[in-house]
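As structure tokens, the structure follows; a few thoughts come after it.
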Amino acid sequence: MLFSNTEYLTVFISIVYGFVAAEYLYGWGGLLLKRYKNTSFYYILWTGFEFAYLIATWWGSWIRSEGLARSIGYFFLDLTTPLILFLIGVITFPSRESSSDLDVHKYFIERFPKVAFLYFLSTLTIVPNLFLFDGRPNMERELIINLIGGGVALIAVFRKDKFILDSILFVGWALLLYHIFFVRDNFTNDINGEFSRAEYLNIFVAIIFGYATSEYLLGWGALIRSSKLSEINWYHLWWTLLAFFILVDVWWSGWNKSQIITQSIGYFFSSLAPPLILYFLGVSLFSSLKIEGKITPEKIKTASPLIFGLFSMLFFSNIITSVVFDEFGIFHLKNILRFLGGCMGLLAVFKRTQVVHVIVLALGWVFYLTHLFVNEVFN
């Protein structure tokens, strides 16, 4: 059989986790577009914690995939965790129809007891998974972490004064970081022979790349519907094309990292950095289209510091990941081109003149085409 029962069931679980991730991407996209007021640093830290918790949950859930086909009861039990995480994301972010005058910090504080209760429920679903699915290393540590996390979440259901909320956020990040750095999931054998861990983890990476791609496809679709050919801003269009081609290039070269991400959750986190940046880049490039229904030079100029800053982050993060994954040395020609691209992006952040931005765009295409030539000819 080419498609096992385990793979069949895991695809459905993966889709659900993908929708959970989408809640955070769309929610952060709304914050990036400044749809609401008073988005506090505390709120950003909480959303970051929730997303990191989601990634850590996906990372550790591979061990359960081989048991999904035992019975529908096991399948339902494994499905409850992403469903609860989805509800947490729904409560955390305002709806897309919310007023622009919404105080996001106040909105979140008022609903925090619901978030805390759902986290408490999530620990109740994870604990039985530790016992029902065999082969889990460090099960005692996992159990202690979840019991502490569940107890802290239960306290937050009934108390929401500032000291308690700050303490809970600190404890949550401390437990999560402890799990990431000290509770190792070092599987010595291929426990699930039907579905390797590399295949499992790369599903999630592919989902994030898919949502990043959707920003560009939806943006271009909106441009075609709302603009005449004479109204298209070609300067903006060339930037979106460059960003999209870089996205495709990052995905194409990511296969070399697909096996390494199984070595530690740190590698897995780092593999998600480029598609997340590319997603936010897509949101920023099409921001004025979403807000005003058209691309205007004034709005492009206003959004340019964020756009160029994201381009710089992308290039510098690619340098770091290429070294971490032992893909290229730091002085490899590709990393030199990335470094130059990152520096140009930083220059454009501070030099907001049209001439500088056009030169940066032209050089960006030159560096990208040079990168393709080096890749095709010398590799």
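The values are calculated or read from the model by the stated rules, or taken from the named source; none is laboratory data. Nothing here was measured: the structure is a model prediction, and the numbers come from that model. Methodologically, a virtual Cβ is constructed for each residue, glycine included, from the backbone with ideal geometry; neighbour enumeration extends over all protein chains shown.
Of the residues making up the stretch 42-77, those that are more than 29 Å from Gly29 (Cβ to Cβ) and either in contact (Cβ under 8 Å) with a residue 24 or more places away in the chain or not assigned by TED's automatic domain parsing to the domain that holds Ala116 (or both) number 10.
Among the residues of the stretch 88-97, write down those that are in contact (Cβ under 8 Å) with a residue 40 or more places away in the chain and in a loop (DSSP other than H, G, I, E, B). Result: Phe93, Pro94, Arg96.
Pairs meeting the criteria (first residue in the stretch 150-171 and outside any helix (DSSP H, G or I), second residue not polar (S, T, N, Q), beta carbons under 6 Å, at least 6 apart or on different chains) are Lys160/Phe112. Apart from one condition, Ser100 fits all of (1) touching a residue at least 60 places away in the same chain (Cβ under 8 Å); (2) under 26 Å from Phe268 (Cβ atoms); the exception is (2).
Identify, from the list Ser284, Ser288, the residue that is in contact with a Lys or Arg (Cβ under 6 Å, 6 or more places away or on another chain), assigned to a helix (DSSP H, G or I), modelled with pLDDT under 90 and surrounded by 19 or more Cβ atoms within 10 Å (Cβ to Cβ). Please lay out each step first, then the result.
On the way: Ser284 fails: in contact with a Lys or Arg (Cβ under 6 Å, 6 or more places away or on another chain).
Of Ser284, Ser288, the one residue that is in contact with a Lys or Arg (Cβ under 6 Å, 6 or more places away or on another chain), assigned to a helix (DSSP H, G or I), modelled with pLDDT under 90 and surrounded by 19 or more Cβ atoms within 10 Å (Cβ to Cβ) is Ser288.
Selection within the stretch 29-58: residues that are out of contact with any helix residue (DSSP H, G or I) (no Cβ under 8 Å at 6 or more places or on another chain) and at pLDDT below 85. The member of this set that is nearest to Tyr119 (Cα to Cα) is Gly30. With the structure loaded, tell me whether Ile15 is surrounded by fewer than 20 Cβ atoms within 10 Å (Cβ to Cβ), of a type in the set (Val, Ile, Thr) and at pLDDT 85 or above or whether it fails that test. In short, yes. Contact map, the stretch 198-210: first residue hydroxyl-bearing (Ser, Thr, Tyr), second residue surrounded by 17 or more Cβ atoms within 10 Å (Cβ to Cβ) and outside any helix (DSSP H, G or I), Cβ cut-off under 7 Å, separation 6 or more or different chains; the map is empty. When the stretch 63-87 is filtered for residues that are over 22 Å from Leu118 (Cα atoms), in a helix (DSSP H, G or I) and at pLDDT below 80, the ones remaining, listed by number, are Ile63, Ser65. The residues on offer are Val90, Val115, Val104, Val127, and the sole one that is surrounded by fewer than 18 Cβ atoms within 10 Å (Cβ to Cβ), modelled with pLDDT of 80 or more and not aromatic (Phe, Trp, Tyr) is Val90.
Does Ile72 satisfy the criteria of being among the hydrophobic types (A, V, I, L, M, F, W, C) and buried (at least 19 other Cβ atoms within 10 Å of the Cβ)? Here the answer is no, as Ile72 does not meet what is asked.
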